[in-house]
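The values are calculated or read from the model by the stated rules, or taken from the named source; none is laboratory data. Remember, it's a predicted structure, so these values are computed and weren't measured experimentally. Note that each Cβ is placed from the backbone with ideal geometry, even for glycine, and that neighbours are counted across all protein chains shown. Heads up: the accessible areas ignore ligands, DNA and RNA and are worked out on the full protein's heavy atoms, side chains in. Shrake-Rupley method; radii C 1.70, N 1.55, O 1.52, S 1.80 Å.
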Amino acid sequence: MKENSCFKIICKDKKTNARIGILKTKKHSIETPFFMPVSTKATPKFINSKRLEEIGNATISNAFILSLRPKTKLIKKFGGIGNFMNFSGINFSDSGGFQMYSKELYISSDKNGVIFKNPISKEKIFMTPEKNMEIQLDIGSEVAMCLDRMPLYEDSKKEIENSVELTTTWAKRCKIHHDKLQKKIPKNKRQLLFGITQGGIYEDLREKSTKELISLNFDGYSIGGFGMGETFSEEMKIVKKQKKIFPENKPLYLMGIGSPKEILEAISYGVDIFDSRLPTMNARHGELFTSIGKIKILNKKYTNDRSPIDKKCSCFVCKNYSKAYIKFLLKENEPVGKELASYHNLYYLKNLIEEAKKEIKKGSFNKFKNKINKLYQK
């Protein structure tokens, strides 16, 4: 197996395809698997950068959104997104394809790029793969994502096939332009670029997309287009099949997935990186992760509950606040309640993945995964 300069596998589970690796960027080295809280506008909702450092050393921002406001020129003046948000960990950036294809913003797309409506000024914007690469390089993230055409779950197979074709066409242009812009930069100082596969729940389209992107030799690969309405079994069937095709020596990123059950199942297939808005979004609505499964803290039974969210959790929220207090704050729509609940959920996921890595090293990951899955099937 040819060694990849940015990724090295250091441990493998004996009973599954779960693995531990080291992803090396121009500024950092980070152990995989890891979860990235979503910092769409240079911060996760209700979590500041110092709190973010306590619950993980990676995050993903949205290049498209940031290019509209505060604009890339300002972020570049600060020396990049990490300095701008004062975050010491690894910064990934997304192309913003998800937002571009929202029903409110999307106008049209073809092989040349995407036309969409600026959500701030309402004017039309034409985004090309080349322009998107320039934005992500100006933002200064350590890992960038190709511009991709993300289909909806309810789209026809023909529409999804068209998405695959556009995704490959744009990926080629992204790779060529990205390489060209970094030609004079030493390899160890360059931004990494991941290709994103599409294809919905169709195995043949996923295989086509995967093989086409592999031929372009990206630094890593992402599985995109999930978290859109598909079932758990539909999603995992595709993830398992795609993982068998991807090069073993390249990092694999499952985009938009953030439930404990999904993360552990995907780790068992060999997925290395995750992100999702789900942990913080659910937290704001009172759905919290715990060592006994998910609880709905807005339920009446927690009104007078003096106990912490999770007695086995050592986060600052569980050390200092009761279920009754957090329920009250969320019920009153107080920002502090959203902050405390969000922090706890992200801390839980960080610890869950750290425990998963310990189990991989011990050779008992599958037993651990099954135990957690039972808790979250209730």
Exercise for the section: Hey, can you tell me all the residues within segment 162-207 that are open to solvent by 70 Å² or more (accessible area, probe 1.4 Å), part of a helix (DSSP H, G or I) and among the basic types (Lys, Arg)? Expected result: LYS172, LYS180, LYS187, LYS189
Problem - Residue that is surrounded by the most Cβ atoms within 10 Å (Cβ to Cβ), among those in segment 43-72 that are of a type in the set (Gly, Ala, Ser) and touching a Phe, Trp or Tyr at 6+ places or on another chain (Cβ under 6 Å) - result: ALA58
Problem - Only listed residue being part of a loop (DSSP other than H, G, I, E, B), open to solvent by less than 30 Å² (accessible area, probe 1.4 Å) and more than 20 Å from PRO44 (Cα to Cα), chosen from MET150, MET133 - result: MET150
Problem - Residue check for ASN62: without any contact (Cβ under 8 Å) to a residue 60 or more places away in the chain and either of a type in the set (Phe, Trp, Tyr) or over 26 Å from ILE125 (Cβ atoms) (or both) - result: no
Practice task
Of the numbered conditions (1) open to solvent by less than 10 Å² (accessible area, probe 1.4 Å); (2) without any contact (Cβ under 8 Å) to a residue 12 or more places away in the chain, PRO279 fails exactly one; give the number of that condition.
Solution key: (2)
Problem - Which numbered condition LYS367 fails, given (1) open to solvent by less than 80 Å² (accessible area, probe 1.4 Å); (2) of a type outside the set (A, V, I, L, M); (3) over 21 Å from the mean Cα position of the chain (by Cα) - result: (1)
Problem - The listed residue being in a helix (DSSP H, G or I), in contact (Cβ under 8 Å) with a residue 12 or more places away in the chain, buried (at least 23 other Cβ atoms within 10 Å of the Cβ) and among the small types (Gly, Ala, Ser), out of ALA324, ALA266 - result: ALA266
Exercise for the section: Inspect all residues belonging to segment 227-239 and state whether any of them is β-branched (Val, Ile, Thr), open to solvent by less than 10 Å² (accessible area, probe 1.4 Å) and touching a Phe, Trp or Tyr at 6+ places or on another chain (Cβ under 6 Å). Expected result: yes
Practice task
Please go through segment 269-299 and pick out each residue that is aliphatic (A, V, I, L, M), within 26 Å of SER5 (Cα to Cα) and outside any loop (DSSP other than H, G, I, E, B).
Solution key: ILE273
Exercise for the section: Would you point out the residue of segment 240-261, among those that are assigned to a loop (DSSP other than H, G, I, E, B) and under 17 Å from LYS208 (Cα atoms), that is least open to solvent (accessible area, probe 1.4 Å)? Expected result: PHE246
Practice task
Find all pairs meeting these conditions: Cβ atoms under 8 angstrom apart; at least six residues apart or on different chains; first residue within segment 1-30 and in contact (Cβ under 8 Å) with a residue 60 or more places away in the chain and open to solvent by less than 90 Å² (accessible area, probe 1.4 Å); second residue assigned to a strand (DSSP E or B) and aromatic (Phe, Trp, Tyr).
Solution key: GLY21/PHE7; LEU23/PHE7
Completion exercise
Scanning segment 73-110 residue by residue, those surrounded by fewer than 18 Cβ atoms within 10 Å (Cβ to Cβ), of a type in the set (Phe, Trp, Tyr) and within 22 Å of PRO44 (Cβ to Cβ) turn out to be PHE78
Practice task
Could you tell me which of the residues SER102, SER141, SER156 is under 30 Å from PHE232 (Cα atoms), of a type in the set (Ser, Thr, Tyr) and at pLDDT 95 or above?
Solution key: SER156
Completion exercise
Sole miss for LYS243 among (1) on the phi < 0 side of the Ramachandran plot; (2) under 14 Å from the mean Cα position of the chain (by Cα) is condition (2)
Problem - ILE360, sole failed condition from (1) open to solvent by less than 10 Å² (accessible area, probe 1.4 Å); (2) on the phi > 0 side of the Ramachandran plot - result: (2)
Problem - Candidate set from segment 300-313 (those that are part of a loop (DSSP other than H, G, I, E, B) and in contact (Cβ under 8 Å) with a residue 24 or more places away in the chain); member that is surrounded by the most Cβ atoms within 10 Å (Cβ to Cβ) - result: ILE309
